[in-house]
Amino acid sequence: MNDAGLVRLISCSFIYHKKQSLTEHSNIGLRRRSKTPGVMITQYVVNLPEGKTTPDFKSKPAPITINEGKLAVFKALVTGDPKPEVSWRRAKGLILDKEKFQSKYDKSTGEYILEVKTDTYKCHAVNEYGKAVCTTTLTVIEGKIYLSSTNPADFRKLLKKSKVERADGESDEKFWDAMLNADRKDYERICSEFGVTDLHLILKKLEEKKKERAQNKCKLHLTHSSLYTYENILIKAETCNLMEYPNIPKANLMFNPFFFSVSSVDFVIKIQETKVKEGEDALFECVLTHPLPKITWKGKGSTLEDGEKYSTTVSDHKLVHRLLIKDCQQLDKGIYSAVAGITSCSAWLVVEAESNLAGGKKIARKTTLAGGSRIDLDKVAKEQQIKYRQEMEKILASVKAKHEGGQPKEKMTITTGGGDSKISEITEPDKNAGAIKDKADAAKASAQPVGRKGKTKSKNAKGDGTVSKLDISGFHPEALNDFTEPVIIKVGHNAIFKLHFVGYKPIKIKWYREGEELHDDTNTKIEKSESHSRLLLSRCQRKDTGEIKIKLKNEHGFTEAVSQLIVLDKPTSPLGPAEATESSAACIEFRWRPPKDDGGSPVINYIMERQQVGRNTCKKIGEIPGVPCYRDTDVDRGRKYCYRIRALTAEGMSEVMETDEMQAGTLAFPGPPAPPKVVGAFSDCINLSWASPSNTGGSRILGYILEKRKKGSNLWTVVNAMDELIKEKKYAVKDVVAGMEYEFRVTAINLSGPGESSNPSEFVFARDPKMRPKFTSNKMKTFVVVRAGNSVRITVNFEASPRPEVMWLKDNVPVTKRVTISNSDGSSQLLIPTSERSDSGIYSILVKNLVGQETFSTEVRVTDDPKPPGPVELEENVPGTVTVTWEPSPDEKRDDRLHYTVSKLDSTKRTWATVADRLFNNKFTVCNIMHGREYHFRVYAKNDMGISAPSESPTWGTEKKKGFVINVPSRRDCDLRCAPTFIVPLKLHTAPKGYECYMSCAVKGNPAPRITWYRNHISLNTNTNYYISNTCGVCSMLILRVGPKDMGEYTITAENSLGRAECTTVLSVRGETETLLQLTLKGWWKMKIINCRFFSLSPLQSEETESTSVLYEQHLIER
């Protein structure tokens, strides 16, 4: 390689703060590893200050291998506080030659650019607390070209590829390099920086370049694989043991190190989404269809390498590849990909925050598998290895057969795919595979869920309906495509259904027809194996048509595919009886029903034969289109016929269906219709209608003939021509003379001919009917305003017969010559070219004929914008109000609809407010006038045409008015306080033993009194056996189960700052020995009010000592 193989190294997000200020400390300090694999950090101080960090590489440059002359881009992301100084170094020599190593700085992008040779490079990031170092390699492949032809045009094509690709000036090497290495969110920014406008075109080209780069990387990665060529067929040595095939001469195997295709490599099991908690390890696993020594793992767009953070492993058979992510943190979550050749698969890593910190103790780290459960990948890989070995044996067997047979040698490349279909292309044709595509004797079936074509229905053991090759059986795509087409065979032939599948063993296989499970018998054979199943239905009949379903089930779930079996047969006979729709002397028309079963094919034609009753021979009518009806016009009047009908399809002819006897009719003419009725008569047209004859003559009516005759004449004239029969039962006769009188008759015609004519209609005049005039327009205006000088136009539409006389009036007087009147058949118009104020008035139109007359009036007001009112004066008659008066407008006398509007402007506001409108006088009083404010008033004159200019008033409120003195009476406070008073006292209670007792009373007082309950002078407020409440002065107490201990005297007291009141009652229990209660207060039951109010009632005195509204009861208990 010469000096032309220089490349550029672009370092992103690097800012230089110092220049080699701490290089002398490079060998002093603490060494530790970074979280990024391959980065070594040297810390200069033992304890870092708070908030300060040593340099570290968040993303280090990845090694690159490119062709000579191409652009290589190294990217690194550096962190550290303070910001570190970044420098680049070579492993072999120094970067001192300015001609070979040119250092540049791009001010527009802030990037530092360095052009260097192929070598190992180190990136140093240094600040005052430490440094970080990482290495990367750049390998440039010399530009050797392997040519398969000597055509000079091919050399030109190869030279063109080395040139810079440009598309209308919108792309160059730097632009495409930036786009290929940038995130999707930065596409728009990069395009704007390079001046690219067509982003859609760029995105399409970018996808092509990404695919091309992936293929180049894959081919480059597999360059060192051992490939051998035998008989111009390429075989990979490391994927098959050549010692196992001793029949192939080793001398004929030629090593080919630069040719290998990995397009057939695919994933049997892809990586799955993984959820881990912070601090745990995550493991991604995948299984390939072909062994590869190494695949590329990527995380969030960057290639991952073995180190402290990531660990990649591969199984011995090179089919199972694993990626272990250690000590997962929030920064590690994202999308991870596995790239095998040009095929890749991706999955999410979700890192959940750890909620339980276990008191700060360190928790043992555990590994979480993708998908949440362990899958036996080794078992799947062994099955794939066996399958791959079988493929290689078939390939080598084909090579051996070619070598021993002495066939012409052709250059060909064998690539082994994941399915059997690709193997069959390089091996001998499979007889069984050919049988499934034979339409005559084999079956093509469609797989679909419950009748849906082209799909399968699967469900796993969890019941979520997801389909996966990990645990649920699945079908090979190509075999499923063959299974998607319906099976169509002829009756008596065999139908074959065959389907390949994959899944964990053991797999239970069941076949169903129309929901019923099939078992081996004389006509049904079922073959089962570990990878496919075959159903043979022998000598199929029409009744076997229906749904064919295969169901696969293992311990992880089930899947099913549905197909359709169609057995073709000849149709059944048409269905009778035949129904005669018309029978006349000229024809017989009848219909029937199509076959119940068409045999799987539509009816093409019907084959007709006719036999006349009394004869032994049949007449072949021939084939008619597949419509189940026939009209026979070759019949003799009065003869009887029988018909034989067969249905014809692509599969054959049905059995015959014979009709009953059908007789052709005799000559039977229709009877006379009813006399025509006149619907409407005009001077140029007469409308008629009639009814069908009651006797049609046994056949349908073909049409009618209408005739007319003038009054006083004996000659009937046909209105319509004979070849133009009237199909409907109405007709408009236009060949009439105005003023003449006519009568009409009608004749019906059937298949036998014309029948008897009807009786004549009544005579009718050909003239317009008499009609009272009426106005037809609903949009006529009753009031019109016109600006003086403009034209006045009034149009009136009407209907009248005969033609009426039209007269226009103004204020009940005929209009003057200034007014132009235009009349037509159905309208009249009044026009005043230039209007004046004197033209105002009420205009009326009078429409009159022999039948009657009609009148319509419109008021026309010719006016102009009004003139403003006269001077405005203000006067205060009542304090707080202003009376506004003004001189009338000059137009007031000429316009009775003129009125006035008054507006007010307050000095505290900026807008005018309308205080009065539609005033027909010259005076208005404005209220709510505030002292100390200035007011302005405007008066406008308004009419139907518009509004005048305003008339301004003088300013009101400049002088301070004398104030009014209002004597407000002093307020006297009302004292609402009062001592407690029982407005509803307690009542005596007698309750059965074991029942509940409810006591209540009502008390008032302000402030609210405090309530206390007593039994035999003992407080009950703290006793939980009694439920006590006080709601808005209503005091209550509930005893749930009354017993002997509850008997006694109950007292309630109410007390506030103004006094105290109490109320007493007695509770007795029924069924217990009555106890005499001796009242200590001289033997009477009493209620007293202490302080302010008191009264007592003795047995001998019935007068209250003080007036009160207290209600009470007295109960004496005998001693």
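Summed over region 121-130, residues that are buried (at least 24 other Cβ atoms within 10 Å of the Cβ) and farther than 11 Å from ALA76 by Cβ total 2. Of the listed requirements (1) assigned to a loop (DSSP other than H, G, I, E, B); (2) in contact with a Lys or Arg (Cβ under 7 Å, 6 or more places away or on another chain); (3) on the phi < 0 side of the Ramachandran plot, TYR742 misses just one: (1).
Residue-level analysis places LYS730 among those that are of a type outside the set (S, T, N, Q), touching a residue at least 12 places away in the same chain (Cβ under 8 Å), open to solvent by 100 Å² or more (accessible area, probe 1.4 Å) and closer than 30 Å to TYR704 by Cβ. Out of the residues in region 305-317 meeting the condition of being in contact (Cβ under 8 Å) with a residue 40 or more places away in the chain and in a loop (DSSP other than H, G, I, E, B), tell me which one is surrounded by the most Cβ atoms within 10 Å (Cβ to Cβ). Filtering region 305-317 for residues that are in contact (Cβ under 8 Å) with a residue 40 or more places away in the chain and in a loop (DSSP other than H, G, I, E, B), the one surrounded by the most Cβ atoms within 10 Å (Cβ to Cβ) comes out as LYS309. Is it the case that some residue within region 345-361 is open to solvent by 40 Å² or more (accessible area, probe 1.4 Å), closer than 17 Å to PHE267 by Cβ, modelled with pLDDT of 65 or more and in contact with a helix residue (DSSP H, G or I) (Cβ under 6 Å, 6 or more places away or on another chain)? Taking every residue of region 345-361 in turn, none turns out to be open to solvent by 40 Å² or more (accessible area, probe 1.4 Å), closer than 17 Å to PHE267 by Cβ, modelled with pLDDT of 65 or more and in contact with a helix residue (DSSP H, G or I) (Cβ under 6 Å, 6 or more places away or on another chain).
Among the numbered conditions (1) within 60 Å of the chain's Cα centre (by Cα); (2) part of a loop (DSSP other than H, G, I, E, B), the only one that VAL737 does not meet is (1).
So that you can scan it fast, the table gives a plain yes or no per residue for (1) open to solvent by 20 Å² or more (accessible area, probe 1.4 Å); (2) of a type outside the set (A, V, I, L, M):
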{"residue": "LEU499", "(1), (2)": "no, no"}
{"residue": "GLY503", "(1), (2)": "no, yes"}
{"residue": "LYS510", "(1), (2)": "yes, yes"}
{"residue": "SER533", "(1), (2)": "no, yes"}
{"residue": "LEU568", "(1), (2)": "yes, no"}
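Do we find a residue being over 38 Å from the mean Cα position of the chain (by Cα) and surrounded by fewer than 16 Cβ atoms within 10 Å (Cβ to Cβ) anywhere in region 554-566? No, region 554-566 contains no residue that is over 38 Å from the mean Cα position of the chain (by Cα) and surrounded by fewer than 16 Cβ atoms within 10 Å (Cβ to Cβ).
For a quick check of your reading of the model, give me the residue pairs whose first member lies in region 818-844 and is of a type in the set (Phe, Trp, Tyr), whose second is open to solvent by 30 Å² or more (accessible area, probe 1.4 Å) and outside any loop (DSSP other than H, G, I, E, B), with beta-carbon atoms closer than 6 Å and at least 6 apart or on different chains. From region 818-844, the pairs are TYR843/LYS810. Residues in region 613-637 that are open to solvent by 30 Å² or more (accessible area, probe 1.4 Å) and either more than 28 Å from ASP569 (Cβ to Cβ) or touching a Gly at 6+ places or on another chain (Cβ under 7 Å) (or both): VAL613, GLY614, ARG615, ASN616, THR617, LYS619, ARG631, THR633, ASP634, ASP636, ARG637. With respect to ARG767, is the statement that it is open to solvent by 20 Å² or more (accessible area, probe 1.4 Å) and assigned to a loop (DSSP other than H, G, I, E, B) true? Yes; evaluated as a whole, the condition is true for this residue.
One line per residue, one yes/no per condition, for (1) within 18 Å of ASN922 (Cβ to Cβ); (2) surrounded by fewer than 18 Cβ atoms within 10 Å (Cβ to Cβ); (3) under 60 Å from the mean Cα position of the chain (by Cα):
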| position | (1), (2), (3) |
| --- | --- |
| THR834 | no, yes, no |
| THR855 | no, yes, no |
| THR858 | no, no, yes |
| ASP865 | no, yes, yes |
| SER889 | yes, no, no |
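Against the test of being part of a strand (DSSP E or B) and modelled with pLDDT under 90, the options TYR998, TYR1027 yield a single qualifying residue, TYR1027.
Quick one: in region 512-531, of everything that is touching a residue at least 12 places away in the same chain (Cβ under 8 Å) and touching a Phe, Trp or Tyr at 6+ places or on another chain (Cβ under 8 Å), which residue is surrounded by the fewest Cβ atoms within 10 Å (Cβ to Cβ)? Can you show your working first?
As a first pass, look at region 512-531 and keep what is touching a residue at least 12 places away in the same chain (Cβ under 8 Å): 512-515, 518, 522-526, 528, 530-531.
This time we only want the ones that are touching a Phe, Trp or Tyr at 6+ places or on another chain (Cβ under 8 Å), so: 518, 526, 531.
On the way: LEU518: 18, ILE526: 17, SER531: 13.
The extreme case among them is SER531.
Condition check: surrounded by 12 or more Cβ atoms within 10 Å (Cβ to Cβ), modelled with pLDDT of 90 or more, of a type outside the set (A, V, I, L, M) and assigned to a loop (DSSP other than H, G, I, E, B). Does LYS987 satisfy that? Yes, satisfied. Within region 318-335, the set of residues being over 17 Å from VAL265 (Cβ atoms) and part of a loop (DSSP other than H, G, I, E, B) comprises LYS326, ASP327, CYS328, GLN329, LYS333.
When SER777, SER761, SER757, SER791 are screened for being exposed (fewer than 15 other Cβ atoms within 10 Å of the Cβ) and modelled with pLDDT of 90 or more, only SER791 passes. Being under 60 Å from the mean Cα position of the chain (by Cα) and part of a loop (DSSP other than H, G, I, E, B) holds for only one residue in ARG910, ARG897, and it is ARG910. The one condition from (1) crowded, with 20+ Cβ neighbours inside 10 Å; (2) of a type in the set (A, V, I, L, M); (3) modelled with pLDDT under 90 that VAL320 does not meet is (3). Of the residues making up region 956-967, those that are open to solvent by 60 Å² or more (accessible area, probe 1.4 Å) and either under 30 Å from ASP864 (Cα atoms) or at pLDDT 60 or above (or both) are THR958, ILE966, ASN967.
The values are calculated or read from the model by the stated rules, or taken from the named source; none is laboratory data. Source: prediction; values computed, not measured. Methodologically, a virtual Cβ is constructed for each residue, glycine included, from the backbone with ideal geometry; neighbour enumeration extends over all protein chains shown. Just the protein is used for accessible areas: all its heavy atoms, side chains included, with ligands, DNA and RNA removed. Shrake-Rupley method; radii C 1.70, N 1.55, O 1.52, S 1.80 Å.
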